[in-house]
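Heads up, the thing below is written out as structure tokens.
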Amino acid sequence: MTVTGIITAIVIGAIIGALARLVLPGKQPIGILLTILVGIIAALVGTAIARGVGVATTAGVDWIELVFQVGLAVIGVAAVAAFQRRGHRGVRR
């Protein structure tokens, strides 16, 4: 993987993660780096699913692939946020 590929993955992960956080209601207690990581993973898995279904390459914007990616990111962000909330229940500051 080249430096350009890594930077592209980070940018796309940030966008997908941010879209997921916008779709989810309420506040998510996770940081930006974790959001980007979830976004990167969701983008990769969403692309793999779109290829498996046969909709990864279409004319224009690949809306179906984007829906897969954002949907997976929403699930990922919600899962991480729930895990973060559960971990902070017993902690007093």
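Readers should treat all values here as calculations from the given coordinates under stated rules, not as data from a laboratory. Fair warning: this is a prediction, and the values are worked out from it, not measured in the lab. Cβ placement follows ideal geometry from the backbone for every residue including glycine, while neighbour counts extend to all protein chains displayed.
Relative to the longest principal axis of the Cα atoms of the chain, helix 63-88 runs at roughly 20 degrees. Between LEU24 and TRP63, the modelled label-to-label distance comes to 2.6 nm, taking each label 7 Å out from Cα in the direction of the beta carbon.
The long axis of helix 3-23 is offset from the longest Cα principal axis of the chain by roughly 60 degrees. Any idea what angle helix 32-53 forms with the longest principal axis of the chain, computed on alpha-carbon atoms, 0 to 90 degrees, nearest 10? With both axes taken from Cα atoms, the answer is about 40 degrees.
Residue separation of THR4 and ARG86 scaled by 0.36 nm, minus their Cα-Cα distance, works out to 25.8 nm of gained length.
Give me Rg/Rg_expected for the chain, where Rg uses Cα atoms only and Rg_expected = 2.2 N^0.38 Å with N residues.
On the way: Rg = 14.7 Å, N = 93, 2.2 N^0.38 = 12.3 Å.
That ratio works out to 1.19.
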